[in-house]
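Enquirer: Let me give you the structure first, and then I'll get to my questions.
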Amino acid sequence: MEIVRDPARIRDVIERLRHQSGRPIGFAPTMGALHEGHLSLIRAIREAGTVPVASIFVNPIQFGPGEDFERYPRPFEKDCERLEAAGVACVFAPASFQMYRPDHTVYVVEERITLGLCGSRRPGHFRGVATVVLKLFNLIRPDLAAFGRKDAQQARLIEKMIEDLNLEIRLLICPIVREADGLAMSSRNSYLGPEARRQALCLFEGLKRAQESYARGERRTNRIREIVIEEIGRRSLARLDYVEGVAWHDMQPVRELGPGTLVAAAVWVEQTRLIDNLWISPDGEPIL
Ligand code: AMP
């Protein structure tokens, strides 16, 4: 597995891989601290018959002031071992100064999908995400890219950026990978102490109750929100950030849930912010 740090070199390395293999390139961008959720993206791009390429880059411009940029885990060697074992051909891992020169002034701003949910709680976050993903797409030039549905608003943002900016990239949006008890895997779960880890399950449990309620026929967003809010309210270390029912296509609130909508939620557990969602698939299946 090749590890490339220099953005000036990555295009040549990828082009060589493309020619040597005779296969298209599949790409999974990450911030490292890899877990099974990330590895599921690698598997998906492998199964699609593409050469798997990953990036590890903790993107400074998607973190707000006071967020966890400095303390974000960076177990780089372990990450590389896991990617190599997963069959990744090349890892792109630039330094911040190589991605953003001091005179960087151009950003990608989406003006509807990113306004609510995490977008309104983390100003500038999705501008940072869209900008870095477009830069990574331009450097790697993948045929296929994989993102996780755990970050649903982000996945929809990338899908919309591909549509609106005419990128020639096929997008795979992969299912949420969970711990055995249901907690959505996240690099930030490592911040949780034992009691916080136990209580963090309220997010999944709230959404699971919402799923059951939906399966029994409940469609009113307000009622479903109450269920999630109640579950989170029962934990002393947890504080609701938001829970909303939104349409997948524009991430705007809906009064009734149905195919193509989701219940998205964020919760603070002590100092750690976690997100998760319940997706109502186009054929009406409530999927966690
Ligand atoms: P991150 O390293 O957190 O920026 O995540 C990199 C990619 O992995 C994003 O596309 C995430 O949506 C995806 N991802 C993170 N956690 C999970 C998970 N539990 N299940 C599926 N995909 C995930």
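The values are calculated or read from the model by the stated rules, or taken from the named source; none is laboratory data. This one's a predicted model, so the numbers in the text were calculated from it and none came from an experiment. Ideal geometry is used to build each Cβ from the backbone, glycine not excepted, and the neighbour counts take in all protein chains shown. All accessible areas refer to the heavy atoms of the entire protein, side chains included, with ligands and DNA or RNA removed. Shrake-Rupley method; radii C 1.70, N 1.55, O 1.52, S 1.80 Å.
Enquirer: May I ask you to work out the translational diffusion coefficient for region 2-174 at 37 °C, viscosity 0.692 mPa s, via Stokes-Einstein with Rh from the Kirkwood sum over Cα pairs, reported in whole µm²/s? List each step's numbers first, then the result.
Expert: Details: Rh = 16.4 Å.
Estimated diffusion coefficient is 201 µm²/s.
Enquirer: Do you know the relative contact order of region 72-196, to the nearest whole percent, from alpha carbon pairs under 8 angstrom that are 6+ apart? Kindly include the intermediate steps, with their values, before the conclusion.
Expert: Values: 84 pairs, mean separation 24.7, N = 125.
Over region 72-196, the number comes to 20 percent.
Enquirer: Quote to one decimal, in nm, the extra length available between residue 198 and residue 43 on full extension: 0.36 nm per residue of separation minus the C-alpha distance between them. Kindly include the intermediate steps, with their values, before the conclusion.
Expert: Working: separation 155, 0.36 × 155 = 55.80 nm, distance 2.93 nm.
Contour length minus the Cα-Cα distance gives 52.9 nm.
Enquirer: Which Cα, out of 44, 171, 245, lies furthest along the positive dipole direction of the chain (beta carbon charges, K/R +1, D/E -1)?
Expert: So the residue we want is 245.
Enquirer: Tell me the volume per residue, in Å³, of the convex hull enclosing the alpha carbons of region 153-288.
Expert: Values: hull volume 15.5 nm³, N = 136.
Here the figure is 114 Å³ per residue.
Enquirer: Students often check this: by mean Cβ neighbours within 10 Å, which of 18-24, 97-103, 198-204, 255-261 ranks highest, and how do the rest follow?
Expert: Per-residue mean Cβ counts within 10 Å order the peptides as 198-204, 255-261, 18-24, 97-103.
Enquirer: Taking +1 at the Cβ of each Lys and Arg and -1 at the Cβ of each Asp and Glu, which of 56, 8, 69 sits farthest along the dipole of the chain towards its positive end, judged by Cα position relative to the Cα centre?
Expert: 69
Enquirer: Additional query: Projecting each Cα onto the charge dipole of region 187-279 (Lys/Arg +1, Asp/Glu -1 at the beta carbon, about the Cα centre), which of 268, 254, 196 comes out farthest on the positive side?
Expert: So the residue we want is 196.
Enquirer: Hey, another quick one. Post the alpha-carbon centroid distance, region 114-141 to region 74-99, in whole angstrom.
Expert: With region 114-141 and region 74-99 each reduced to a Cα centre, they are spaced 21 Å.
Enquirer: Can you tell me the length gained on complete extension of the stretch residue 36 to residue 11, counting 0.36 nm per residue apart and subtracting the Cα distance? The partial results should precede the final answer.
Expert: Details: separation 25, 0.36 × 25 = 9.00 nm, distance 2.76 nm.
Separation in residues times 0.36 nm, less the Cα-Cα distance, equals 6.2 nm.
Enquirer: Let me ask something else. Could you state the accessible area per residue of region 1-76 in Å², with a 1.4 Å probe and every protein chain left in place?
Expert: Values: 3520 Å² over 76 residues.
Spelled out: the 1.4 Å probe surface of region 1-76, per residue, equals 46 Å².
Enquirer: Please tell me the relative contact order of the chain in percent, rounded to the nearest whole number, where contacts are Cα pairs under 8 Å and at least six residues apart. List each step's numbers first, then the result.
Expert: Details: 527 pairs, mean separation 47.8, N = 288.
Worked out over the chain, it gives 17 percent.
Enquirer: Sticking with this one: Using label points projected 7 Å from each Cα along Cα→Cβ, tell me how many nm separate residue 169 and residue 1, to one decimal.
Expert: So the label points at residue 169 and residue 1 sit 2.0 nm apart.
Enquirer: Where a ≥ b ≥ c are the square roots of the eigenvalues of the C-alpha gyration tensor, would you call region 75-117 rounded, which needs a/c under 1.5, or, failing that, prolate if a/b is larger than b/c, or oblate?
Expert: Values: a/c = 3.24, a/b = 1.63, b/c = 1.99.
Oblate shape, in that a/c is at least 1.5 and b/c is the bigger or equal ratio.
Enquirer: Moving on. Remind me, relative contact order of region 3-106 in percent, using alpha carbon pairs under 8 angstrom and six or more residues apart? Intermediate results must be reported in sequence, preceding the final value.
Expert: Numbers: 131 pairs, mean separation 38.2, N = 104.
In percent, rounded to a whole number, it is 37.
Enquirer: Still on this model: What percentage of the solvent-accessible surface of the chain, computed with a 1.4 Å probe over protein heavy atoms, is contributed by carbon and sulfur atoms? Mind dumping the intermediate values first?
Expert: Working: 6590 of 13400 Å².
Exposed carbon and sulfur together represent 49 percent of the surface.
Enquirer: Also: In region 96-176, which GluC sites (Glu not before Pro) are in a loop and have at most 13 other Cβ atoms within 10 Å, using DSSP for the loop call?
Expert: Numbers: sites: 110, 111, 159, 163, 168; in loops: 110, 111, 168.
Answer in residue order: 111, 168.
Enquirer: For region 39-133, restrict the atom set to alpha-carbon positions and state the Rg and Dmax in Å.
Expert: Answer for region 39-133, Rg first and Dmax second: 15.5, 41 Å.
Enquirer: Please compute the length gained on full extension between residue 19 and residue 285, using 0.36 nm multiplied by the number of residues separating them and subtracting their Cα-Cα distance.
Expert: Numbers: separation 266, 0.36 × 266 = 95.76 nm, distance 4.11 nm.
Fully extending the segment from residue 19 to residue 285 adds 91.6 nm.
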